[in-house]
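Take a look at the structure set out below.
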Amino acid sequence: MAQVKERYVGQSVKRKEDAELITGQGRYTEDISIPGMLWMSVVRSPFANARIRSVDLSKARVMDGVVAAFSGKDLAGDWAAPMLMAWPVTEDIKNPPHWPLTQDIARYQGDGVAVVVAESRAAAADAAEAVEVDYEPLDPAVDMEAAIADGAPLVHEDIGTNKSYTWTLTNGDPDKVFADAPVVVKERYVIQRQIPNAIEPRAVLVQPSPAQGEFTMWSATQIPHIVRVAMTITTGIPESKLRIIAPKVGGGFGSKLQVYPEEALCLALAKRLGRAVKWVETRSENYLATHHGRDQIQEIEFAADEDGKIRGYRCRILTNMGAYLMIITPGTPLLGAFLYCGPYGGEAYHVEFTGVFTNTTPTDAYRGAGRPEATYAVERTMDALARRVGKDPVEIRRINFIPPFTEPTPSPGGLTLDSGNYAATLDRALELAGYEDLRKEQRARREQGTVKQIGIGFSTYLEMCGLAPSRVLSALRYAAGGWDAATVRLLPTGKVVVIVGTTPHGQSHVTTFAQIVADDLGVPVDDVEVLYGDTQLAPLGMDTYGSRSLAVGGVAVHRAAQKVVAKVRKIAAHELEVAEEDLEYEGGRFAVKGAPDRAKTVGELGFSAWTAHNLPDGLEPGVEETAVYDAQNFVFPYGAHICAVEVDTETGKVDVLKYVAVDDVGTIINPQVVDGQVVGGVVQGIAEALYEQAVYDENGQLLTSSMTNYEIPAAPDVPEIAVGRSETPSTTNELGVKGVGETGTIASPPAVVNAVIDALSPLGVTDIGRPMSPERVWRTIRDAKEGGAR
Amino acid sequence: MIPAAFEYERAESVDQAVQLLGEHEDAKLLAGGHSLLPLMRLRLARPSLLVDIDRLSDLEYVREAGDTIEIGALARMSDLATDQTLWKHCPLLAHVCGEVGDPQVRHRATIGGSVAHGDPASDPPTALLTLDAVLVVRGPSGERTVPAKSFFTSVFETDLGPQDVLTAVRVPKLASGTGWSYQKFHRRAIDWAIVGVAAVVERDDGHLKRAAVGLTNMGSTPLRASGVESALAGAEAAPQALAAAAEHAPEGTAPVSDTNASAEYRTELSKILVRRALEEALAR
Ligand SMILES: Cc1cc2nc3c(=O)[nH]c(=O)nc-3n(C[C@H](O)[C@H](O)[C@H](O)COP(=O)(O)OP(=O)(O)OC[C@H]3O[C@@H](n4cnc5c(N)ncnc54)[C@H](O)[C@@H]3O)c2cc1C
């Protein structure tokens, strides 16, 4: 085994994943075919709310190439239980059954009503079109506030309400703090609904082995392990007979942190028909039937001193569930519930969330999940407070930051924070942004009265990730744990295999986990192979979401490697005939203290363990160690983002001139990978602030139903993002790492919105809705001017 | 995203295309496919037969013919956007072709397809209308020419009959010193225009000799802003006169409201963009 002196952690090791992906050799679910395979197509409701009077499959069944067709009622007997909802956030939550195909009422445009199975994809599509469904359209509940008003149409008649749950959290005595405070600012924000757009749409292929009663499913999912448990619950197929493989997965952003009806349908049909069944989502289906994200109405209040020092936080949030509760629909907003105080101090805290059913596509996790919403409310309200007490946005943040700490510290939201120096990231961001020059330019343009005005916006955020300590999850009523697992295996020839329970779909695990193990074992990074994404290969795992892979799974990888070191140390001591304490270990080499030439490498010891010719008594041959890590706490990345925009005050068009992101994500394994995550996240957040919005009309028809009018920006539309960082190791885990997968989307939307408001502040503008489309900005300017003239 | 079943024939010549179109009901020509195929994949278009003219490379040309430039119907946006002859004599059109979609789109999309599709949100038709272009059409009864101003009849509707093939576009050369501008207002670089404005101005010591102004996406077809044009006739080439003329932009328009913009906003934009187009054209 080669010896290495350098350390890999902290270096921008080139992504091992790239050669395969760039040369088009990555195999995605759609690329996998099985002889005799059939194609499934789902017939979807065109109505947001309609009773299904009848489903006529007769025409479809006799078409060329069609093998079978089923309505929801036909398949009712195939289910052991409805689709799994794993996060009943309150004891009395309303969770009406969600069947893979609806049987009586279609509850959103896109709700599955029937399926057809055919010899080709085209035949399946044609047959789906030939299915005749007799619908009785009903009044839909589309708008969230209207849905909870008296007399609103009910999404689920039998539960008698559109309210799914109300969840509250209180720390301190908010009523008293608010009653006593000299300053109270109150704001209302609407967080628009968004549609996740992974570059690879969803896809499922199920191969049955009828004689063994076994099933292998390939799915474009972030969560093969969770899918397996959920599929067992819904289909009754024993878990031991189910193997789930997530091959190359082309992005997810939370939309593939889901267990979908199509997965259950492909399984049930493969079981019925005894043939492989495949389904690949079209982009149009993606818009209707893959879960959506965000969608909240927030009322938030800060209580403060006259000088702007915050005493308390209070907010009430309506959060749109859509038509059904999917895997973590109700819990998603609560991932932000502890963060409605940002990185700031205070003595009282109260949040109340009400989950609302509407006749729209179900919502669930979308990059940041709950935390972008919280950060938006807090960072907008910080600026409102600054305006109220006559302070600059930088100053208001400085006086409210929790002071620097390196030992666990409590927050008003009830969290125990791991480490932080919030002001340091702000200082660095101001420096990178050239803040004084930007303000100078802003003043100059204001004086000249130019058409294009400049604004500068801030977001100094705190987030929690690394989902999640299992005990905390239990307290939050989540139905599973938050641990993760890794196995490190030394091969006889000195190479290393690492098998992980997290499931990458763009996050670079293959590279970064290899860096960790290469350092632990003192081997070249290219000698470490990281395998994942298959429940048979990696039986223990909780998959990838919530910026958890490194902060949880990475720690398991490190611990498994340390166990390997501990085992081979025994062999080294035996072969070198000294006590274990007399060995020094560095760079993959065990040397006798005081006699550095008497040494063995990890590779040599691995070979000894394999031959087993001369092992210490009682030591088992081979070296393969597994570690399961369950964190005791979350990790808490934070940072300061500054955005400078140019607003065309005639047309309302906003251009981002400059964007600076300074994040502290703890110890960095691979700077380039971290930069990639930050930049991608920021771009997604800029999109949230300026471009993306799912729009339904009053009948519940999705108007933004394709990429033509659902505006996702591309490279020419976004500026270069300047990335800086500080590195404060987390105290939660021994690697000192925090998560970086979501920081960009969490931090950036309020920075952009605050910047636009700043640009328009001479007109008296203090609020604007999102996304800030040119027309919305134009209307804001016009209304401000008319208001001023009055 | 799977089109309904259809037949396919590749035409070896324009005449054969005309003939094939006549033999089938609901037959459609296929050029670059970047308008037709998306509609077919959404099953919004269901032609029974596609007559593929995409490889009729003798229709991919730009040539000078006296006072006009003639462009073959199959010339690609990407080629037109970099064509030296076009830049020399008709820079507005070359520029507009470079504003269509993204590089991938421009390498497929043809000028003939863009015109024949009749989408009021498309950019090249507005440029052609503003330039007083003439369209050359081959049909069962031979060849005819149609001026751009009577070619576009409604949304996705043109003067083309079911058996007609558009073969070329003729644009008058601009006199040297003619100013021009195209103001495309959109959210993303790849987007169609929310509103677009094309302007061509000829000046004569401090005054406007001739101004042609065209509007994209302000009605069911590309439009000429005739109110603006008449207000500009002989006007002084000064900011106030341009701004005053630009106020006439909405006359005769009927913009739609959609998720990107309301009709009211489009109306406002048309005035701002006409003014900016005139300013830029005069500065060139
Ligand atoms: C992502 C994307 C972005 C785009 N952005 C823009 C934009 O910003 N601005 C813009 O203007 N356009 C835009 N387009 C449209 C693009 O320019 C069109 O593809 C082009 O205008 C049509 O040309 P085509 O060769 O692709 O036509 P096709 O799609 O092949 O045909 C379009 C229609 O014209 C008919 N047709 C084609 N050629 C002839 C002919 N010679 N004679 C008679 N009928 C014919 C066809 O039968 C069909 O009905 C965009 C397209 C895409 C996919």
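Of all the residues in the range A:305-318, those that are buried (at least 24 other Cβ atoms within 10 Å of the Cβ) and either touching a Leu at 6+ places or on another chain (Cβ under 9 Å) or small (Gly, Ala, Ser) (or both) number 2.
Contact annotation: no residue pair with Cβ atoms under 9 Å, 6 or more positions apart or on different chains, pairs a residue in the range B:46-67 that is part of a helix (DSSP H, G or I) with a partner that is open to solvent by 70 Å² or more (accessible area, probe 1.4 Å) and not acidic (Asp, Glu).
I'd like the full set of residues that are assigned to a loop (DSSP other than H, G, I, E, B) and closer than 16 Å to A:Lys653 by Cα, limited to the range A:713-731. Working first, answer last.
Step one: list which residues in the range A:713-731 are assigned to a loop (DSSP other than H, G, I, E, B), which gives A:713-714, A:718-720, A:727-731.
Matches in the range A:713-731: A:Pro713, A:Val718, A:Pro719.
Screening B:Leu36 with (1) in contact with a helix residue (DSSP H, G or I) (Cβ under 7 Å, 6 or more places away or on another chain); (2) of a type in the set (A, V, I, L, M, F, W, C); (3) closer than 20 Å to B:Ile111 by Cα; (4) within 13 Å of the ligand (Cβ to nearest atom) gives one miss only, at (1).
Against the conditions (1) in contact with a Leu (Cβ under 7 Å, 6 or more places away or on another chain); (2) more than 14 Å from chain A (Cβ to nearest Cβ); (3) within 16 Å of the ligand (Cβ to nearest atom), B:Val200 satisfies every one except (3).
In this structure, is B:Asp191 under 18 Å from the mean Cα position of the chain (by Cα), within 14 Å of chain A (Cβ to nearest Cβ) and part of a loop (DSSP other than H, G, I, E, B)? It would help to see each step written out before you state the result.
Numbers: under 18 Å from the mean Cα position of the chain (by Cα): yes; within 14 Å of chain A (Cβ to nearest Cβ): yes; part of a loop (DSSP other than H, G, I, E, B): yes.
Yes; evaluated as a whole, the condition is true for this residue.
Annotation: B:Thr167 fulfils all but one of (1) among the polar types (S, T, N, Q); (2) touching a strand residue (DSSP E or B) at 6+ places or on another chain (Cβ under 6 Å); (3) open to solvent by 70 Å² or more (accessible area, probe 1.4 Å); the unmet one is (3). Screening A:Thr216 with (1) more than 23 Å from A:Asp31 (Cβ to Cβ); (2) open to solvent by 20 Å² or more (accessible area, probe 1.4 Å) gives one miss only, at (1). Candidates in the range A:536-579 are the residues that are acidic (Asp, Glu) and over 27 Å from A:Tyr366 (Cβ atoms); of these, the one that is surrounded by the fewest Cβ atoms within 10 Å (Cβ to Cβ) is A:Glu577. The residue that is farthest from the ligand (Cβ to nearest atom), counting only those in the range B:11-33 that are of a type outside the set (Asp, Glu) and closer than 30 Å to A:Thr282 by Cα, is B:Ala27. Could you tell me whether any residue of the range A:273-287 is under 24 Å from A:Gly370 (Cα atoms) and either within 14 Å of chain B (Cβ to nearest Cβ) or crowded, with 19+ Cβ neighbours inside 10 Å (or both)? Within the range A:273-287, one or more residues are under 24 Å from A:Gly370 (Cα atoms) and either within 14 Å of chain B (Cβ to nearest Cβ) or crowded, with 19+ Cβ neighbours inside 10 Å (or both). Only a single item in (1) open to solvent by less than 20 Å² (accessible area, probe 1.4 Å); (2) more than 14 Å from chain B (Cβ to nearest Cβ); (3) not in a helix (DSSP H, G or I) is not met by A:Thr704, and it is number (2). Within the range B:124-137, residues that are without any contact (Cβ under 8 Å) to a residue 40 or more places away in the chain reach partners that are within 11 Å of the ligand (Cβ to nearest atom) and in a helix (DSSP H, G or I) with beta carbons closer than 7 Å, at six or more positions or on different chains, in the pairs B:Leu135/B:Val115. Just one residue in the set A:Asp78, A:Asp104, A:Asp18 is free of Cβ contacts under 8 Å to residues at least 12 places away in the same chain and open to solvent by 20 Å² or more (accessible area, probe 1.4 Å); that residue is A:Asp18. Contact map, the range B:91-108: first residue farther than 10 Å from B:Asp123 by Cβ, second residue more than 10 Å from the ligand (Cβ to nearest atom) and open to solvent by 40 Å² or more (accessible area, probe 1.4 Å), Cβ cut-off under 7 Å, separation 6 or more or different chains; pairs are B:Ala94/B:Trp87.
In the range A:127-153, the residues that are in contact (Cβ under 8 Å) with a residue 60 or more places away in the chain form Cβ pairs under 7 Å with partners that are in a helix (DSSP H, G or I) and open to solvent by less than 80 Å² (accessible area, probe 1.4 Å), at six or more places apart or across chains, as follows: A:Ala127/A:Ala60; A:Ala130/A:Ala60; A:Val131/A:Ala60; A:Ala141/A:Ala147.
Looking only at residues in the range A:634-653 that are surrounded by fewer than 24 Cβ atoms within 10 Å (Cβ to Cβ) and in contact with a strand residue (DSSP E or B) (Cβ under 6 Å, 6 or more places away or on another chain), the one that is farthest from the other protein chains (Cβ to nearest Cβ) is A:Glu646.
Among the residues of the range B:42-57, is any of a type in the set (S, T, N, Q), open to solvent by 10 Å² or more (accessible area, probe 1.4 Å) and either within 12 Å of the ligand (Cβ to nearest atom) or closer than 20 Å to B:Asp132 by Cα (or both)? No, the range B:42-57 contains no residue that is of a type in the set (S, T, N, Q), open to solvent by 10 Å² or more (accessible area, probe 1.4 Å) and either within 12 Å of the ligand (Cβ to nearest atom) or closer than 20 Å to B:Asp132 by Cα (or both). All conditions in (1) closer than 30 Å to A:Lys271 by Cβ; (2) open to solvent by 40 Å² or more (accessible area, probe 1.4 Å); (3) not in a helix (DSSP H, G or I) hold for A:Asp158, with the sole exception of (3).
From the list B:Thr68, B:Thr82, the lone residue that is away from the ligand (no atom under 12 Å from the Cβ), among the polar types (S, T, N, Q) and in contact with a strand residue (DSSP E or B) (Cβ under 6 Å, 6 or more places away or on another chain) is B:Thr68. Restricting attention to the range A:191-228, report how many residues are assigned to a loop (DSSP other than H, G, I, E, B) and of a type in the set (Asp, Glu). So the count comes out to 1. Report yes if B:Ala261 is within 14 Å of another protein chain (Cβ to nearest Cβ), farther than 24 Å from B:Leu93 by Cα, buried (at least 21 other Cβ atoms within 10 Å of the Cβ) and in contact (Cβ under 8 Å) with a residue 24 or more places away in the chain, otherwise no. It is true that B:Ala261 is within 14 Å of another protein chain (Cβ to nearest Cβ), farther than 24 Å from B:Leu93 by Cα, buried (at least 21 other Cβ atoms within 10 Å of the Cβ) and in contact (Cβ under 8 Å) with a residue 24 or more places away in the chain. So is A:Glu584 acidic (Asp, Glu) and crowded, with 17+ Cβ neighbours inside 10 Å or not? In short, no. Exactly one residue out of A:Val656, A:Val674 is within 28 Å of A:Leu735 (Cβ to Cβ) and not hydroxyl-bearing (Ser, Thr, Tyr), and it is A:Val674.
Residues that are open to solvent by 10 Å² or more (accessible area, probe 1.4 Å), part of a helix (DSSP H, G or I) and touching a residue at least 24 places away in the same chain (Cβ under 8 Å) within the range A:234-265 comprise A:Thr235, A:Lys241, A:Pro261, listed in sequence order.
The values are calculated or read from the model by the stated rules, or taken from the named source; none is laboratory data. The structure presented is a predicted model; accordingly, all values stated were derived computationally and were not measured. Every residue, glycine among them, receives a Cβ derived from its backbone with ideal geometry; neighbour counts consider all protein chains shown. The accessibility values were calculated without ligands, DNA or RNA, using every heavy atom of the protein model including side chains. Shrake-Rupley method; radii C 1.70, N 1.55, O 1.52, S 1.80 Å.
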